[in-house]
Amino acid sequence: MAKADKTKLLIKEVAKKHFIRNGFKETFLAEIATEVGVDRRTIYRHYENKEVLLLHIVLDVYKEFSDSLKVIEFDSEFALMRINELFNHYYEYMVSNEEFLVITSMLDRNLSSETRDTEYYAEFIKSASVPDDILIKLIELGQEEDTIKDLDANLLAVTMNNSLLSLASRIASHKEYLDIEQDQESWAMLEMQAMLLVNGIKR
C-alpha cells in the first residue's frame, strides 16, 4: 500500500475513534492530525471537510453490515421464516457492533445539503439500501405464498427496517439509562419489536 493510502486509512481509523468517543461536534481535525502525526492540510488533501470524513467512515461500516447480510437465503418458500432469520441477524450484529449504530446515527444530524450532493453520499445510499432490497424480496415472496398481507412491499420494508434501526440506535446510545428505566436488558426490546413487526404483516 502506498504511503498516501496508508495515511488516508489511518486518518479514518483515528477519526472513527474520536467520533465514537466525542461525538461529531466535539471531534476536531487538529486533534486527529496530531494523533496521526500529520498536519491539517494533509487531512484536507484526502477529505474535503469533517462531514466528508464522517461520510467515508459511515460508508465503510455500512458496507461491512451489508456484506454480512449475504448469508440470507432467498428460498422460494417460507418467506416469514427468512424474515425472522434476517431480523435475528440484525439483532446479533447490532448487539456485537454497537459502534456501527453510534457512528451511523451521526449522519442524519450532521450532513449539509452540499455533502449530500456528493458521489460519496450516493455510494452510501446504494450501500444503505441493501437491507431494504433484501427485505422487499422476502416480503414479495411471502405475498406470492399468501403468508404476508398484500401491502406495498417497498413501504413495508423501509418502515420495518427504519423502526428497528431507530430503536437499536437509541439503545446503543442510552443503554445504561434504558436498562434502569425499563428494569430489564434493553436489547430485549429490539427482539420484541422484531417479533411484533413480523406478526403485524402475517396474513
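Bear in mind these aren't lab numbers, they're just calculated from the coordinates by the rules spelled out. Since this is a predicted model, take the numbers as computed values, not measurements. Quick reminder, even Gly has a Cβ in these numbers, built from the backbone with ideal geometry, and neighbours come from all protein chains shown.
Points to keep in mind about this one:
- Translational diffusion of the chain, µm² s⁻¹ [Kirkwood Rh, Cα pairs; Stokes-Einstein; 20 °C; 1.002 mPa s]: 115 µm²/s
- Within the chain, the longest run free of exposed loop sites, counting GluC sites (Glu not before Pro) that sit outside DSSP helix and strand states (H, G, I, E, B) and have at most 14 other Cβ atoms within 10 Å, spans 78-184.
- Violating pairs (Cα-Cα greater than 21 angstrom) within the set K25/K50; K175/K202; K8/K63: K175/K202
- With θ taken as phi - 60° and the Karplus curve 6.51 cos²θ - 1.76 cosθ + 1.60 applied, the whole-hertz 3J(HN,Hα) list for segment 88-102 is 5, 5, 3, 4, 4, 5, 6, 5, 8, 9, 4, 4, 4, 6, 5 Hz, x standing for glycine and proline.
- The amide H of I148, built 1.01 Å from its N in the peptide plane, has Q143, R203 as neighbours under 5 Å, considering only residues 5 or more places off or on other chains.
- For segment 51-201, size of Cβ-based charge dipole, Lys and Arg +1, Asp and Glu -1, in debye: 240 debye
- Estimated D of segment 80-129 in µm² per second, where Rh is the Kirkwood radius over Cα pairs and Stokes-Einstein applies at 37 °C, 0.692 mPa s: 256 µm²/s
- HN-Hα J in Hz across segment 106-115 - Karplus 6.51, -1.76, 1.60, θ = phi - 60°, x for Gly and Pro: 6, 5, 4, 7, 10, 9, 7, 5, 5, 5
- Sparsely packed trypsin sites (Lys or Arg not before Pro) within segment 1-97, loop by DSSP, other Cβ within 10 Å at most 13: K25
- Counting neighbouring Cβ atoms within 10 Å and putting the fewest first, the residues L151, L138 line up as L151, L138.
- Rg over Rh for segment 1-47 works out to 0.96, both radii taken from alpha-carbon positions and Rh defined as the Kirkwood radius.
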